[in-house]
Each structure stands twice: as structure tokens, then as C-alpha cells.
Amino acid sequence: VLPPEKPLQAEEWNKLREDFQLPEIFEEVMLNSMIRCNSPIDVAKSLLTHLAKRNGDIAYNVLVKYLTLCVQQGQVSEIRDVYDIMKVRFKILESGAYNLLIKGLSNSDQWRMALTLLEEIKKIMIPSRTCYESCIKAASRHQETKLAFELYNEMVAKGVVPTLDVLQSFFYFSRGINGAELQKELFGILLYLRENQIYPHKTFMRSIKLWFESIPGGNWRGRLTKIKDSGQCPVCNHQLEDSNLTEEEYSNLSERIIKDVIHGTDTFRKTSPKEFEAFQTFVESRLPFDIVIDGLNVSHVKSRKMQCENLFDAVNCLAKENARLLVLGRKHMLMNSSNWKREIMKEMQNKADFFFAENISEDDAFLLYATLRSGKHCKFVTRDFLRDHKACLSDSVTRHLFRKWQRGHQISENKCFSSVFSQQPAFRYDCVVQTTGDTWHIPYKDVFEEKYSYQIPRNWLCIQQK
């Protein structure tokens, strides 16, 4: 349906509606089309006026579509009118409408109204990330930095994860502004990146660099570099933090993971205690392993190859160094099938120990248990991020150690197994944001990636205070 180019009279709308195959959804389809074509607002308004006269009122979802068009065009007075109508007609709005209202108002000179609306939402639900971030950006744009940080801290405290976009905006809008409090808040964001192992992308990294260099009287200078394998920064000669855990950190971490994660609430959701006991006995009688492989996960690396071939490539490549391997498999791998050839499975079992779990079991607990029980040297191979397990750990110190251990011990497959595994020695330095006070080292990615990734970047920003 193509929307008309100018407002129509009631009879003209009726005629279009009658000619439409499904007249009962005519208005919704028409409004969707107006949003797509970015139709003039008075055309959409004439449809709503006609609807109100015909039905006596306008349905909620139709109002939301009209609101979408108003927000798209920054029609502030219309947004306010729609809000007034909705407030009277509906006691509570759903989050989609709130997102639109706040987005529309926060981009206008009436941005403070968006803050009022945010307070209203808090009475009934945790506001969405979009709501928080629209208000934060509006406050930042209007130099209300203190307010922007209050909203940001409140959002993080409520477990709403900020986008890289809003984190970047703080550095962008704070350029050239002096103040100890502001500096403390921005350093806090850098430590948030560290804590959550988040790697900023190039544009975000540039905003951080420019902010540092713009601090009045700060004498900061940022340079881009690659860290030497030894962990030394070529720019400032500073030695980065060691990626290895101390003996004490390692034993604390393995105790906590075995207690909180493996025997905690989540292990036996998809595996029986009996099976897990059998697995523990199996592992204890064969310790230690050098590498533990999540067999099913690795078998899906290349979609054009048979699953058993993918796993075979990985086992072959890793067994080269006479490493002791444990592969976590599933019982269905033992049934001769198009994906799992018996002779290939037999050959692999000559090169590695295999444990075949029930087809419904979760591997993660098995993977963590076998790796940790094997000792500090043992690495593991999976494409999973193990995020759920980090969440089961109850304090931030242990969560930080878990991530650090993961960074140093998780081998990620890549385009080609052999090149990745052979050049895989884990970095000797820890690949996270770090500071000594007068230096900051920030690892960054070349491209924007909103999703979490454990793949370690090679590029760094070194910032020094002269």
C-alpha cells in the first residue's frame, strides 16, 4: 500500500479501506507504509482524525505507530499531544511506547520532560536501556554532566548493560572540561571496561585518546602501538600485568568454581549427579590433562565439513606436541552416522581420552572441572564464552580472576585450526584495560562489535602523563 501524498477526506479513506483485501488491518498497514516512506505528518493525522470520528477512539497500537512517525520526524508538539491522549486513555503504557516517547522528547528542547517520564517508568518497571541512554545523551548534550553520570551509575546498578555508544558519548562530550569529579567518573568507565573485559572499537578508542589529551593542564599523550610478546609496551617501556594467576589466586579460583558453579545451583539442570560422579572418577584416574576440548562445540567450526572431520582436525593438530588431550563428547557420536564415522572416531580415540556424556548433558561444568583439576598449565578449547558461569560467582574479585584465567587458558578456534593452535601460546600479559596512575593501556578492536567476544585484540592505546 502506498500512502497518499496529501491528507484525505473521510470518504476517500473509506474508499481506500474498502478496496483493501483485509479492511480490519488497513490502518495498521497504512501507517507502517507511512513510517517506511516517511510521509508528511498531516497525511497520517488525517487518517487518525477519520478513525476517531468513525470509531469514537483510536486503538493503542495505531497510536504507537503514529508516535513512531512523529519521533522519526522530531515532531515535538505532536509527541506531547499523543502522550497526553495515551495518559488519559491508558493507565500504563508498555515499554515500546515509553522508549519512543523518551527518545522523541530527549532529542528536543523539551528534553527535561523525558526525565519526568523516566521517573514515571521507574514506579512500574526497570526502564529499558534505550530510555536510560536517551536521557543520558540529552543531559550530556546540554552539559549536565553530573546528571548524565547519576543516570549511568543508576542504570549499571540496576543491571542494565550500557551500549558502547553511550560509554563513548561520555568521553566525547567531556572534551576540554576540567574537574576532578568528572575525571573520576570517566576513569570509572575505563575500569568498567576492564572489569567486564570489554574492548572498545577504533572510534571509541579515539574519543578516549582525545579526551585525555584535552584535559586542561593534564599533559597526557596517547599513542597507538602493539605490545611485545614479553608484555612490554614499546612506547613507554612499561611492563603490562602478567596474565598468569599466582598459586594462591589459582587455588582460590578453582575452589570457588568447583563450589559455586559445579556443585552450585546450575550443574545438574541438564546432567544427573550420577553421570557427573562417573565423570569425576574418570578424570581423577587420568589426571593431568594438557588440553580439554569441548568436542561437540568444535565439531561445528566449519559447516561444509563433516562434524567428525572438524573434530579430527583439531585433535590431530593439538596432539602434535604430545599433549595429553581430553575430548568431551556425546553418546550419539558413537553411533555410525553421516556426521560421525566410526573409523574416524576410532582413530581419534588413539590420540586422546574421550568421555561421552548423555546427549542432554551440559558440557560446561565438565569442561571447567577437568581443566581446573589438571592444574595451572591446562588449557581448554570451546567457542562458548562461559558467561553463565561467571554470573554464578558471587563476588567481583572471583569474577575478575575467572575472566583473567579464561583469557589465559581458552584457546579459540579460528579460520584455520593449525595456524591458530600452533601460534596459540597464551599471551604472557593480561589483555584488559590497565593503569599505573600516570599510564593507561587500553586494548581496542579495529571494528565495532557490540556482542561480547573473548578474542583478544592485538592493538593498544598507550596514554602517558608527561
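So which helices (runs of 4 or more DSSP H) stay within the stretch 372-466 end to end and still have 1 or more residues that are modelled with pLDDT under 90, out of contact with any Cys (no Cβ under 9 Å at 6 or more places or on another chain) and surrounded by 15 or more Cβ atoms within 10 Å (Cβ to Cβ)? Before you say what the answer is, go through the steps one by one.
On the way: elements: 387-392, 396-409, 417-422.
Per the criteria, 387-392, 396-409.
If we keep just the residues of the stretch 173-195 that are among the polar types (S, T, N, Q) and surrounded by fewer than 17 Cβ atoms within 10 Å (Cβ to Cβ), which is modelled with the highest pLDDT? Outline the logic, then answer.
Keep residues of the stretch 173-195 that are among the polar types (S, T, N, Q), which gives 174, 178, 183.
Remaining after also requiring surrounded by fewer than 17 Cβ atoms within 10 Å (Cβ to Cβ): 178, 183.
Details: 178: 88, 183: 95.
Only one residue fits best here, namely 183.
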> Given the conditions (1) in a helix (DSSP H, G or I); (2) open to solvent by 20 Å² or more (accessible area, probe 1.4 Å), which single one is not true for residue 198?
Replying inline: (1)
> Can you name the number of the only condition in (1) open to solvent by less than 10 Å² (accessible area, probe 1.4 Å); (2) of a type outside the set (D, E, K, R); (3) modelled with pLDDT of 90 or more; (4) more than 19 Å from residue 428 (Cβ to Cβ) that residue 233 fails?
Replying inline: (4)
> What residue, of 46, 39, 33, is among the small types (Gly, Ala, Ser), surrounded by fewer than 16 Cβ atoms within 10 Å (Cβ to Cβ) and modelled with pLDDT of 95 or more?
Replying inline: 33
>> Quick check on my filter: what residues within the stretch 44-63 are charged (D, E, K, R) and part of a helix (DSSP H, G or I)?
In response: 45, 53, 54
> Can residue 62 be described as touching a Gly at 6+ places or on another chain (Cβ under 6 Å) and not polar (S, T, N, Q)?
Replying inline: no
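The values are calculated or read from the model by the stated rules, or taken from the named source; none is laboratory data. As the structure is a prediction and not an experimental result, all values here were calculated from the model. Here the Cβ is made from the backbone with ideal geometry for all residues, glycine too, and neighbour counts use every protein chain on show. Remember, those area values only see protein heavy atoms, side chains included, never the ligands or the DNA or RNA. Shrake-Rupley method; radii C 1.70, N 1.55, O 1.52, S 1.80 Å.
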